[in-house]
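Enquirer: First, the structure itself, so that you have it in front of you.
Rule-based calculations on the coordinates, nothing more; no lab input. The structure presented is a predicted model; accordingly, all values stated were derived computationally and were not measured. Every residue, glycine as well, gets a Cβ built from its backbone with ideal geometry; the counts of neighbours run over all protein chains shown.
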Amino acid sequence: MKKGKGMRFVGDSRISADKTSTVPKDYSEYPGRTEAFWPNFLLKEWLVGSVFLIGFLCATIAAPPPLEGVADPTNASYIPLPDWYFLFLYELLKYDFASGPYTLFGILILPGLAFGGLLLAPFLDNGPGRRPPKRPIAVAMMILGLASVMWLTYESASVVDWEKKAADNKPIHPDEMAEIDVEHPGYAVYENSCLGCHGDSLEGGASGPSLIGIEEGPDEIATIAVEGIGDMPPGMFSGTDEELEQLVDFIISVNEDAEE
């Protein structure tokens, strides 16, 4: 054998001279197919998230949601609603196939299948392409899920008068609460006949509206106390005429103090 032909020099004879390099190729060798996670891909994600967050904050500042008062466990007439991001599940329970005897299907099985499908979407359609036409299964499932959530949320929110709901249950500042004269002879009558529905400070309660700021006069208040009005049945007050006068005078005096 001639010198220099067929001879290879390596540091260790046990290492093959044909061993390929373990260093990955540069991303520039795959144009349009992949990119570095840091900082290229992550920076794009941060930019998109920042734009969405700023837009969401601007929307809440431009149209702040109406706030209600503190939850009252004694108010049996109050209808609670979930937060906006759970309204689509709330609306789902209104359909026949997800309510009544099928409640378990509506609260567990159907949402579980939907979220499970979205979780498995990347694995069901794992093609090499990143464009939507090349990922039909994953894209179709995401569009279906997004459209369903948006439609159910709209259907649930559109039937609720949020401004009226907040006004009926608005928080009462301590400075705005009327001072109650417990020494007034009509307070004992109010406590026995009206406190359970209209609250300790006439601010309204479980089934009765607020008696602060009413426009009725003494005769009208007396008539309502005896004969009832709206959801208030007759016979709620069963005292004497003298007690009725004391009750009316007490309600009038509290309203006069509140105006001052």
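Enquirer: At a threshold of 8 angstrom on Cα-Cα distance, excluding pairs fewer than six apart, so keeping six or more, what relative contact order does the range 85-220 reach in percent?
Expert: About 17 percent, as a whole number.
Enquirer: Then there's this: Measure off 7 Å from each Cα along the Cα-to-Cβ vector at PHE123 and PHE56, then give the distance between these two points in nanometres to one decimal.
Expert: 2.7 nm
Enquirer: Principal axes first, then extents: for the Cα atoms of the range 82-159, list largest minus smallest coordinate on each axis, whole Å, largest first.
Expert: For the range 82-159, the Cα spread along each principal axis is 44, 26, 19 Å.
Enquirer: Ranking THR153, THR240 by Cβ neighbours within 10 Å, fewest first, what do you get?
Expert: THR240, THR153
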